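Undergrad: Let me give you the structure first, and then I'll get to my questions.
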Amino acid sequence: MKDVIKGKLLRYTGITVVLILWEVLPRLSLVNSDYLPPLSRVLLELFSLSNGSYLYMNIMVSIWRVMIGLVISISISTILGLSLGFFCYKFSEKLNPLLRFFGQINPYSLFPLFVVFLGINEEAKIGIVIWTSVWPMMFHTISAARSVDPVLIKLANSMSASKLQLFYKVIIPATIPYIFRGIREGVQMAFFILTSSEMTGSTAGLGYIIHNAGMNFLIPRLYAGGLCIVVISVILNLFLVSFQKRLLFWKEEVEVFDDIKTRKVKRISKLQVSCIILVFLFIFIQGSIQVQKAYDYQNNPKNGFGYVE
């Protein structure tokens, strides 16, 4: 038990040191507190924002945009990735240079084009999320479909399995772990690109909080918005890691800085699946409501709801 506690403490030592320095350096005037306010001041600002509906609205709007974009990009990348990696292998080799070219384009630089073609409303934000996340997901899926163990394919063929049976019984189970790896990478990239795009063409979202605070020199609020982005991205990553381990309990993966000892992972239960579905429905419904509230305020400030400028 002591070894477990000691390991946990050592694991979070770096974060603890950074947080302590964040509080101490501005207090001792070693860093200008106008540009780097103490952590306690940032947390107080975060607490004051959470008292009203301002912070909640912007968080839900950003998460809603990410969720809608990811659902679409996961569908596109999985279908195209499995098709190009398994059914159209030779055709995918010809498309590979073009796909790699599109995947290397900086998504943020394309945001003005999304605004031109899709408008300044939600379509442009969701479009940039789709563009950002679809490429890593699709590349992971194509690579996974190509790198399935040939022994498994030979065994399936020896049992007179059709190509469709081979696809459902061998290819899909073998590629799911790599698809999840692409999803995790796409989620992290999409969330940060979305917040960046919200700084330039949005009236709601976590990126809007940072942009609005920076334009009005509200430095504690600026750091509070950035802290929210970091915390939410960490929570999303931890959720995806835990969900992947429980769903793919038969596939053991080692994370960076993870424990070397093998730990038994329980498979996901029906109750947990139901809770996840309910959370997604809550985000979808509440996100839609908060997006509409943001537009109502934009069109008629008299009908606002405590929106903080």
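Undergrad: Can you sort 203, 16, 132 by how many other beta carbons sit within 10 Å, fewest first?
TA: Going from least to most buried by this count: 16, 203, 132.
Undergrad: I need the semi-axes of the equivalent ellipsoid of the chain: take the C-alpha gyration tensor, multiply each eigenvalue by 5, square-root it, list largest first in whole angstrom.
TA: The equivalent ellipsoid of the chain has semi-axes of 39, 27, 18 Å.
Undergrad: May I ask which residue of 99, 127, 111 lies farthest towards the positive end of the charge dipole of the chain, with charges of +1 (Lys, Arg) and -1 (Asp, Glu) on Cβ and the Cα centre as origin?
TA: 99
Undergrad: If you don't mind, there's one more thing I want to ask. Give the residue from 177, 187, 67 lying farthest towards the positive end of the charge dipole for the chain; charges sit on Cβ (+1 for Lys and Arg, -1 for Asp and Glu) and the dipole is referred to the Cα centre.
TA: Farthest towards the positive pole: 177.
Undergrad: Let me check I have the definition right: for the stretch 1-119, take the eigenvalues of the Cα gyration tensor, multiply each by 5, take square roots. What are those semi-axes in whole Å, largest first?
TA: So the three semi-axes of the stretch 1-119 are 43, 24, 17 Å.
Undergrad: Hey, fewest Cβ within 10 Å first, where do 148, 66, 116 land in order?
TA: Lowest count first: 116, 148, 66.
Undergrad: Would you mind checking the pairs 154/245; 125/245; 90/163; 94/169; 154/266; 90/154 and listing those with alpha carbons more than 24 angstrom apart?
TA: 154/245; 125/245; 94/169; 154/266
The numbers here are math on the coordinates, done by the rules we state, and not lab data. Small disclaimer: the values here were computed from a predicted structure and weren't measured. All Cβ positions, glycine included, derive from the backbone under ideal geometry; neighbour counts span all protein chains shown.
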